[in-house]
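Everything on this sheet refers to the single structure shown next.
Bear in mind these aren't lab numbers, they're just calculated from the coordinates by the rules spelled out. The shown structure was predicted, so the numbers you read here are calculated from the model rather than taken from an experiment. Positions of Cβ are backbone-derived with ideal geometry, glycine not excepted, and every protein chain shown enters the neighbour counts.
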Amino acid sequence: MRRADKNMTERLLVKNIYVLGLLDWQRRELETISNAERYRFHSLLTYEELVESHAGFDDLLERARKALRSSATPPDAIVCHWDFPSSCLAPVLARDFGLRAPSLESVLRCEHKYWSRLEQRKVVPECVPQFQALDPYDPHAADRLELEYPIWLKPVKGFSSMLGFYIENRTQLKEALEQMREGIGELGKPFDECLAHVELPPEVQGIGGRHALAESIMSGEQHAPEGYVLDGDVHIHGCFDMLRAQGGKSISALRYPAELDPEVEQRSAEVCRKVLNQVGFDNGCYNLEFLWDEQADKLWLIEVNTRISQSHSELFRQVDGMSNHEVAVRVALGERPRLPEQRGPYSTAGKFLLNKVGDAEVVRVPDRDEVSRISRDLGDAFIDIDVEPGMRLSDLPNQAEYQYVVGEAWLGAQDSDELMSKYRNLIERIPFEFSDQRPLQP
């Protein structure tokens, strides 16, 4: 074959993969997948636009459409690993360009928390708590609650623990609803714009992004299977323990692989299959979050996420030798993926949130040399600092009500004891300083 013909063939084999909100470290993760030379990765919109700005859904959609239409390299696949709005932009854009992706309707049946509970109840009622939609703008909303206290209250569309409340009585419910009215529209308004792109069933009409969901309390140890659906076949490629902070209010760490009873893991996998088939989710990635109450022999389904998690990517690389971007890219191209098993340098890995309890001003953060030195000492840990000196913690976006995340760390080890020892070492050594002189919370 002539050199010119060979070069033309190689160019034709290259696939252009557009990634919503692609960051530099995620690009490095993408470069670990098999046959990475086959792909050219392009960022579609910025992280700031998609995650930090809370811009309107339709505005972001038009920006993305314009960027793709004006590009000299048309997309062969569109990949997403951020939550809404990215998770809902991807299926619309894929449809526009004739690419593989789940339908927007199936994604919304997962991400609209009330709609999702209705669908879950049809196929796995034993895993679904009692639930009820409430309108925070209704002055009589607290009187309309039909569930018994205590309850958990959260937005119909939210993420992490933002605007999530543990409620024990009517007074607390009224106070929580008042706080929701002040902040729920930030994400609720663009979510309502997205809902306008589909026909809602009668039981969901009128219940949008600025509504709340009340649920009876679930308990147990938390875990999350991650997988994909390709041509209707549901697969799982990993499962994670989700470890709680001291006090048990929020998730502070992920551990891979999960140290979970195999029978419970199999039950979780069956729930994944039933729910994803019920909502019609196909040709996409997912992770589902569960609680396992061992004493009651009860498996609870918390929520369905319609993407791979970027939080999991480094953990897969450390344990399996390849990030889960391998799965996202292959599925978006209509190819069956395969992650290698246990080919990384570690037997277990964890992602740890660096949590600061209580509001304060950031006085000092570790510099680049300090981070590099600690990283080397802990076996090439990946440490990401999210704050700078002078910042007020209460001004940070997307934070829980009771603590602030100032950074994240990904650590690898040969067993769980070594992993937790490395984490404690990190907390003791990493030189943050705050105006209230309180240290990070392990």
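Restricting the first member to region 191-204 and to residues that are in a loop (DSSP other than H, G, I, E, B), and the second to residues that are among the β-branched types (Val, Ile, Thr), the beta-carbon pairs closer than 7 Å and six or more apart or on different chains are His197/Val92. Looking at Val329, Val365, just one residue is more than 21 Å from the chain's Cα centre (by Cα), on the phi < 0 side of the Ramachandran plot, surrounded by 14 or more Cβ atoms within 10 Å (Cβ to Cβ) and not polar (S, T, N, Q), and that residue is Val365.
Would you mind finding the one in Leu89, Leu45, Leu93 that is in contact with a Lys or Arg (Cβ under 9 Å, 6 or more places away or on another chain) and closer than 23 Å to Phe281 by Cα? Don't jump to the end; show me each part of the working.
Working: Leu89 fails: in contact with a Lys or Arg (Cβ under 9 Å, 6 or more places away or on another chain); Leu45 fails: closer than 23 Å to Phe281 by Cα.
On inspection, the qualifying residue turns out to be Leu93.
From the set of residues in region 135-144 that are within 20 Å of Gly209 (Cβ to Cβ) and touching a Leu at 6+ places or on another chain (Cβ under 7 Å), which is surrounded by the fewest Cβ atoms within 10 Å (Cβ to Cβ)? Selected residue: Arg144. Hey, any hits in region 395-410 for a residue that's free of Cβ contacts under 8 Å to residues at least 24 places away in the same chain, in a loop (DSSP other than H, G, I, E, B) and closer than 22 Å to Gln310 by Cα? Yes: one or more hits. In region 58-83, the residues that are surrounded by fewer than 18 Cβ atoms within 10 Å (Cβ to Cβ) reach residues that are among the acidic types (Asp, Glu) with C-beta atoms within less than 7 angstrom, at least six apart or across chains, in these pairs: Asp58/Glu193; Arg65/Asp96. Within region 37-51, residues that are in contact (Cβ under 8 Å) with a residue 60 or more places away in the chain and within 15 Å of Leu13 (Cβ to Cβ) reach partners that are crowded, with 20+ Cβ neighbours inside 10 Å and among the β-branched types (Val, Ile, Thr) with beta carbons closer than 7 Å, at six or more positions or on different chains, in the pairs Tyr39/Ile17; Tyr39/Val329.
Can you list the helices (runs of 4 or more DSSP H) lying wholly within region 7-119 that have 2 or more residues being over 28 Å from Met322 (Cα atoms)?
Details: elements: 24-30, 57-70, 86-96, 104-111.
Counting at least 2 such residues, we get 57-70, 86-96, 104-111.
Can we say Arg117 is in contact (Cβ under 8 Å) with a residue 12 or more places away in the chain, under 30 Å from Lys174 (Cβ atoms), more than 17 Å from the chain's Cα centre (by Cα) and buried (at least 18 other Cβ atoms within 10 Å of the Cβ)?
Working: in contact (Cβ under 8 Å) with a residue 12 or more places away in the chain: yes; under 30 Å from Lys174 (Cβ atoms): yes; more than 17 Å from the chain's Cα centre (by Cα): yes; buried (at least 18 other Cβ atoms within 10 Å of the Cβ): yes.
For Arg117, the condition - in contact (Cβ under 8 Å) with a residue 12 or more places away in the chain, under 30 Å from Lys174 (Cβ atoms), more than 17 Å from the chain's Cα centre (by Cα) and buried (at least 18 other Cβ atoms within 10 Å of the Cβ) - is met.
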